[in-house]
């Protein structure tokens with residue numbers, strides 16, 4: 001915790017998650033089909049950039065890697081995270097072309113999971 005010069009406090013809250021089988025209706029290896037969050041985020045974020053190249057790249061990425069839904073185990077979706085080819089390609093494009101396309105954001109993870117670290 002640290003005190004800032006504008007009389008505010010900065011702190012990091014640590015959260016941990018664990019699976020408790022006796023309180024669940026399923027197990028971590030159950031398969032779950034859900035919205036492809038990475039594809040939805042890419043489509044949403046791309047609308048903030050008024051660039052033909054960004055639109056072209058986004059459409060190409062989504063066509064090749066971004067189905068509307070994804071099926072993974074409950075453990076992958078919630079705790080462990082999973083590798084996603086769309087995310088891998090997006091990271092590579094941002095690292096390579098980001099500065100020239102004025103893409104000013106960073107993706108701080110290399111896999112996706114709701115509560116993965």
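Every number in this text was worked out from the coordinates using simple rules, so none of it is lab data. Just so we're clear, the structure is a prediction, and the values are computed from it rather than from any experiment. A quick note on method: Cβ atoms are made from the backbone with ideal geometry, for glycine too, and the neighbour counts reach across all protein chains shown.
Here are the numbers for this structure:
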{"item": "Rounded Å value of the spacing that divides the Cα centres of the stretch 1-37 and the stretch 65-87", "result": "17"}
{"item": "Helix-only [θ]222 nm of the chain, DSSP H runs n ≥ 4, -39500 (n - 2.57) each, per residue, nearest 500", "result": "-10000 deg cm²/dmol"}
{"item": "Least to most buried among 72, 18 (fewest other Cβ within 10 Å first)", "result": "18, 72"}
{"item": "100, 24, 116 arranged by Cβ crowding within 10 Å, fewest neighbours leading", "result": "100, 24, 116"}
{"item": "Ranked 27, 38, criterion: other C-beta atoms within 10 Å, fewest first", "result": "27, 38"}
{"item": "Residue 107-residue 59 FRET efficiency (beta carbon distance; Förster radius 22 Å; 0.05 resolution)", "result": "0.70"}
{"item": "Compactness relative to 2.2 N^0.38 Å, alpha carbon Rg of the stretch 27-117", "result": "1.14"}
